[in-house]
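S.K.: Below is one structure. I have some questions about it.
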Amino acid sequence: MLAEPIPSSPDECEIVCTRVFKGSKELVFLAWANPEHLQNWWGPAGFTNTFHEFDFRPGGMWRFTMHGPEKGNYQNECEFIRIDAPSLIHWKRHSQPLFQVLVTFEEVTANATRVIFKMLFDTEKECSKIKKFAVDKNEENFDKLQVELTRMASI
């Protein structure tokens, strides 16, 4: 059963991070869509991942464990809601904290892609709890993505 998307989200219920990456739109999308690449960069600095399931289709599940740099294993369960390759990925978390993610990919030039990463919450209270640290952690995540894109481009 597909998760229902949040039809719209007021600004106080969103966390939005944007960055332009070196790489074609197709390459950047592939870094998100292929679990062999995604597991290399997903998560803040120092985190690693073990992917248990990655069924990249609407209704498919993404189950993984994030391993903290010092201690802690964090179970994650997400469901893909919508995928429009190579322009959009939308998923919903079924594990805490609960929110949806909408990622869009926009071509800036043939070798530059703008990624807009939106975390969508049901309430302002839920959003404000995560916003305190999410922006910095998302930037760390983006730093790791650029490293993976550079590696992918050299293959």
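S.K.: Out of curiosity, is Val108 in contact with a Lys or Arg (Cβ under 8 Å, 6 or more places away or on another chain), over 21 Å from His37 (Cα atoms), in contact (Cβ under 8 Å) with a residue 40 or more places away in the chain and part of a strand (DSSP E or B)?
M.R.: Numbers: in contact with a Lys or Arg (Cβ under 8 Å, 6 or more places away or on another chain): yes; over 21 Å from His37 (Cα atoms): yes; in contact (Cβ under 8 Å) with a residue 40 or more places away in the chain: yes; part of a strand (DSSP E or B): yes.
Yes, satisfied.
S.K.: Considering each of Phe105, Phe121 in turn, give the residue that is hydrophobic (A, V, I, L, M, F, W, C) and closer than 20 Å to Phe21 by Cβ. Give the steps one after another, and end with the answer.
M.R.: Values: Phe121 fails: closer than 20 Å to Phe21 by Cβ.
The match here is Phe105.
S.K.: Does any residue in segment 44-62 that is under 16 Å from Lys144 (Cα atoms) come within less than 9 Å, Cβ to Cβ, of a residue that is among the β-branched types (Val, Ile, Thr) and at pLDDT 95 or above six or more places away or on a different chain, and which pairs are these?
M.R.: Asn49/Thr65
S.K.: Check off (1) surrounded by 13 or more Cβ atoms within 10 Å (Cβ to Cβ); (2) of a type outside the set (Gly, Ala, Ser); (3) under 25 Å from Lys131 (Cα atoms) for Glu70 and give me the number that stays unchecked.
M.R.: Against the list (1) surrounded by 13 or more Cβ atoms within 10 Å (Cβ to Cβ); (2) of a type outside the set (Gly, Ala, Ser); (3) under 25 Å from Lys131 (Cα atoms), Glu70 comes up short only on (1).
The values are calculated or read from the model by the stated rules, or taken from the named source; none is laboratory data. These numbers were taken from a predicted model, which means no experiment stands behind them. Here Cβ is always computed from backbone atoms with ideal geometry, including for glycine, and neighbour counts include all displayed protein chains.
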